[in-house]
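Visitor: Just passing along the structure, written as C-alpha cells.
The values are calculated or read from the model by the stated rules, or taken from the named source; none is laboratory data. What you see is a predicted model; the values in this text were computed from it and never measured. Every residue, glycine among them, receives a Cβ derived from its backbone with ideal geometry; neighbour counts consider all protein chains shown.
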Amino acid sequence: MTTVKTFLFVFFLLQTLPVFSQAGNTSDPGRLAELNAFWDEVSRTIEEGDFEGYAKTFHEKAILVSDPRGLAYPIAKALAGWKKDIEDTRSGLRKSSVAFRFNKRMGDSTTAFESGIFHYSFEVNGEKGGYYVHFDGLLVKEDRWKMMMEHQKGPATKEEWDALE
C-alpha cells in the first residue's frame, strides 16, 4: 500500500511540475521591462513630488508592513503620512529620490514578488539625509502593475546596496 501511495504522489508531482515551472517563469524580458518601468515610475513620482502619481503605483487595498516599527496598516494611512514630504518636493522645499536594486524577482505575467534594497535620499535646507532599507514588494498586474504590499524589513548598509549593483 505504501508503494502505491508513493507512486501516486510521484505521479501527481510529475504531472504538476510543468504548471509550476510555467507559473514561476521570471525570464520573460517583456515582463521584466514592465516591472523595471514600474520601479522607474515610482522613482519619477518621488523625484518630481507627484503625489497622485505615486499613490497610483499602489493597489487601492495595498498594505505597508514595517518590521522596524512593528506595524502593518493600509497604504492609504502611509500615504497620508508621506504626503507632506512629497508635496514639499513638488514645491521645491525639498529634494527627494529613491532607487531600487533587487536580489530576488519572481512571478508570472500577472504577479510579482520583488525583493531587494531601496535607497531613499533627500535634501532639506541644504542638509542631506537618506537611508537604505531591505524591502519586499508584492505586485499584481491589472491594467498596469500595482503594489499590493510593501514590506520594509529593516535597515540596510551601503555595502549591501553596492553588492546588489
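Visitor: On the basis of being exposed (fewer than 15 other Cβ atoms within 10 Å of the Cβ), acidic (Asp, Glu) and modelled with pLDDT under 95, does ASP162 make the cut?
Guide: No: the conditions fail for ASP162.
Visitor: Continuing with the same structure: Looking at (1) within 27 Å of ALA33 (Cβ to Cβ); (2) part of a strand (DSSP E or B), which is the one condition that is false for GLY154?
Guide: It fails just one condition, (1).
Visitor: Would you be able to say whether some residue in the range 109-131 is more than 15 Å from the chain's Cα centre (by Cα), part of a strand (DSSP E or B) and over 21 Å from THR45 (Cα atoms)?
Guide: yes
Visitor: Inspect the range 91-99 for any residue being in contact (Cβ under 8 Å) with a residue 24 or more places away in the chain, under 17 Å from MET148 (Cβ atoms) and not in a strand (DSSP E or B) and give the result as yes or no.
Guide: Of the residues in the range 91-99, the ones in contact (Cβ under 8 Å) with a residue 24 or more places away in the chain are 91, 93-99.
Filter once more, so that each one left must be under 17 Å from MET148 (Cβ atoms): none.
No, the range 91-99 has no match at all.
Visitor: Do we have any residue at all in the range 29-45 that's in a helix (DSSP H, G or I), of a type in the set (Val, Ile, Thr), under 18 Å from HIS119 (Cα atoms) and at pLDDT 95 or above? Write out each step before concluding.
Guide: The initial filter retains those residues of the range 29-45 that are in a helix (DSSP H, G or I), namely 29-45.
Filter once more, keeping what is of a type in the set (Val, Ile, Thr): 42, 45.
Next, only the ones that are under 18 Å from HIS119 (Cα atoms) stay: 42, 45.
If we keep only those that are at pLDDT 95 or above as well, we get 42, 45.
Yes, the range 29-45 has at least one match.
Visitor: Could you grab me the full set of residues in the range 46-65 that are of a type outside the set (A, V, I, L, M), within 13 Å of the chain's Cα centre (by Cα) and part of a strand (DSSP E or B)?
Guide: PHE58, HIS59
Visitor: If you scan the range 143-165, which residues turn out to be more than 17 Å from TYR54 (Cα to Cα) and more than 15 Å from the chain's Cα centre (by Cα)?
Guide: The answer is PRO155, ALA156, THR157, LYS158, GLU159, GLU160, TRP161, ASP162, ALA163, LEU164, GLU165.
Visitor: I need the full set of residues from the range 120-147 which are under 27 Å from HIS59 (Cα atoms) and surrounded by fewer than 17 Cβ atoms within 10 Å (Cβ to Cβ), in order please. So that I can check it myself, show each step before the final result.
Guide: To start, the set of residues in the range 120-147 that are under 27 Å from HIS59 (Cα atoms) comprises 120-122, 130-147.
Selection gives TYR120, SER121, GLY130, TYR131, ASP136, VAL140, GLU142, ASP143, ARG144.
Visitor: Out of curiosity, is PHE100 in contact with a Lys or Arg (Cβ under 8 Å, 6 or more places away or on another chain), within 17 Å of TYR54 (Cβ to Cβ) and aromatic (Phe, Trp, Tyr)?
Guide: Spelling it out, it is not the case that PHE100 is in contact with a Lys or Arg (Cβ under 8 Å, 6 or more places away or on another chain), within 17 Å of TYR54 (Cβ to Cβ) and aromatic (Phe, Trp, Tyr).
Visitor: Looking for whichever is more than 15 Å from PHE38 (Cα to Cα) and in contact with a helix residue (DSSP H, G or I) (Cβ under 7 Å, 6 or more places away or on another chain) here; the options are TYR73, TYR132, TYR120. Which one fits?
Guide: When all the criteria are applied, what remains is TYR132.
Visitor: Another question about this same structure. Determine whether GLU41 is of a type in the set (Asp, Glu), surrounded by 13 or more Cβ atoms within 10 Å (Cβ to Cβ), within 27 Å of GLY154 (Cβ to Cβ) and within 13 Å of the chain's Cα centre (by Cα).
Guide: yes
Visitor: Sticking with this structure for a sec: Does the range 84-108 hold any residues that are surrounded by 15 or more Cβ atoms within 10 Å (Cβ to Cβ), among the charged types (D, E, K, R) and within 17 Å of the chain's Cα centre (by Cα), and which are they?
Guide: ARG101, ARG105, listed by residue number.
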